[in-house]
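Participant: Just dropping this structure here.
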Amino acid sequence: MNALLPTTQLAVLRRQTDPRLEWLCAQIARNRFLPVPPPELHFIGDGDFRAIGAEFLRHFVRLGGLRPDHKVLEIGCGVGRMALPLTQYLDSSYDGIDIVLDGIRWCASTITPAYPEFRFHHLDVDNGLYNPDGRIEGETATLPFKAGAYDFVILTSVITHLRTADAERYAAEIARMLKPGGRCFLSLFLADATARAGIAKGTARPPFRDTPGVELLADPEHPNAAVAYDEEFLLGRFAAHGLRPARAVMRGHWSGQREAENFQDLLVLEKGTAP
Ligand SMILES: C[S@@+](CC[C@H](N)C(=O)[O-])C[C@H]1O[C@@H](n2cnc3c(N)ncnc32)[C@H](O)[C@@H]1O
């Protein structure tokens with residue numbers, strides 16, 4: 001059957017089925033020596049902790065172009081669900097930052113002693129769901145990292161909990177901290193016409209309200225619980241900081257209107273190389 005495929009498609013297929021990566025991800029998913037945080041720290045959502053981390057490592061590499069020599073920053077690293085698989089892949093360094101102190105403490109005491117190049121940082125930013133008493137407003141937050149320091153920035157299911165002003169601030173911060181040509185991998189809810197149709201029909205999960213604005217909330221009384229963004233609006237805000245899609249959005253099935261492997265949409269942005 002391969003003989004029928006044009007060479008460009010074959011090259012893509014080969015890249016997508018790197019057997020070493022598949023082996024590594026399978027090992028991570030079943031490796032019971034990899035620590036899992038205690039149940040009281042599972043504030044990041046349900047599911048198999050190791051399997052989800054392994055699945056995203058595969059996405060970072062296959063979709064995002066992550067390489068072992070990349071310097072990685074993870075914003076909203078939670079309890080290390082992404083960091084733990086990355087310890088098995090990266091030769092370079094990793095910084096994780098989050099607003100929940102207990103999660104950062106667990107990561108710093110569990111991961112850093114074995115992998116000193118994996119560092120964890122707390123930033124006391126306010127978030128109605130995760131850190132309601134935070135002293136720093138998200139819309140003015142400056143992340144404690146140097147400009148142009150990272151090749152790869154990760155935000156999995158983080159923009160999904162940020163209101164517009166905070167998300168805009170983080171877009172500027174991501175652009176500042178990425179090297180030219182660096183990439184940002186995000187999982188999020190992007191409302192395009194198809195997703196909006198699902199929201200209107202009531203098939204979307206979370207059940208976002210059918211409102212015409214650029215920010216869609218599932219529960220206006222708890223706005224940080226789940227936030228979807230109008231796709232054109234959000235991509236425009238990233239583009240204003242020189243961050244543009246490096247590939248087509250990988251659609252998730254959250255809107256109830258698509259067959260898809262992943263739940264949230266997956267977006268890879270690249271920082272332009274022009275000054
Ligand atoms: C659904 S959890 C996802 C955690 C992690 N990214 C993962 O996929 O395992 C959302 C995370 O975003 C963090 N978060 C929320 N607002 C944030 C902010 N303004 N800055 C950094 N992290 C934030 C939360 O504390 C929480 O750890």
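Participant: Could you check Glu261 against (1) at pLDDT 95 or above; (2) surrounded by fewer than 17 Cβ atoms within 10 Å (Cβ to Cβ); (3) in contact with a His (Cβ under 9 Å, 6 or more places away or on another chain) and say which number it fails?
Facilitator: Only one criterion is unmet by Glu261, namely (1).
Conditions tested, residue by residue: (1) away from the ligand (no atom under 14 Å from the Cβ); (2) surrounded by fewer than 18 Cβ atoms within 10 Å (Cβ to Cβ).
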| position | (1), (2) |
| --- | --- |
| Leu21 | yes, yes |
| Arg32 | yes, yes |
| Val36 | no, yes |
| Phe56 | no, no |
| Leu66 | yes, no |
| Val79 | no, no |
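Participant: Among the residues of the stretch 81-109, how many are more than 13 Å from the ligand (Cβ to nearest atom) and under 12 Å from the mean Cα position of the chain (by Cα)?
Facilitator: So the count comes out to 0.
Participant: Taking the stretch 110-127 on its own, how many of its residues are part of a loop (DSSP other than H, G, I, E, B), of a type outside the set (Asp, Glu) and surrounded by 14 or more Cβ atoms within 10 Å (Cβ to Cβ)?
Facilitator: Total meeting the criteria: 4.
Participant: Now, a different point. Residue under question is Ile52, and the condition is that it be near the ligand (Cβ under 10 Å from one of its atoms) and closer than 16 Å to Leu178 by Cβ; does it hold?
Facilitator: Answer is no for this residue.
Participant: Another question, if that's okay. Search the stretch 157-170 for residues being surrounded by fewer than 21 Cβ atoms within 10 Å (Cβ to Cβ) and more than 7 Å from the ligand (Cβ to nearest atom), and hand back the single one that is nearest to Ile97 (Cα to Cα).
Facilitator: Arg169
Participant: Hey, can you tell me all the residues within the stretch 207-240 that are in a loop (DSSP other than H, G, I, E, B), without any contact (Cβ under 8 Å) to a residue 60 or more places away in the chain and closer than 21 Å to Asn131 by Cα?
Facilitator: Ala218, Asp219, Pro220, Glu221
The values are calculated or read from the model by the stated rules, or taken from the named source; none is laboratory data. Values in this document were obtained by computation on a predicted structure and should not be read as measured data. Ideal geometry is used to build each Cβ from the backbone, glycine not excepted, and the neighbour counts take in all protein chains shown.
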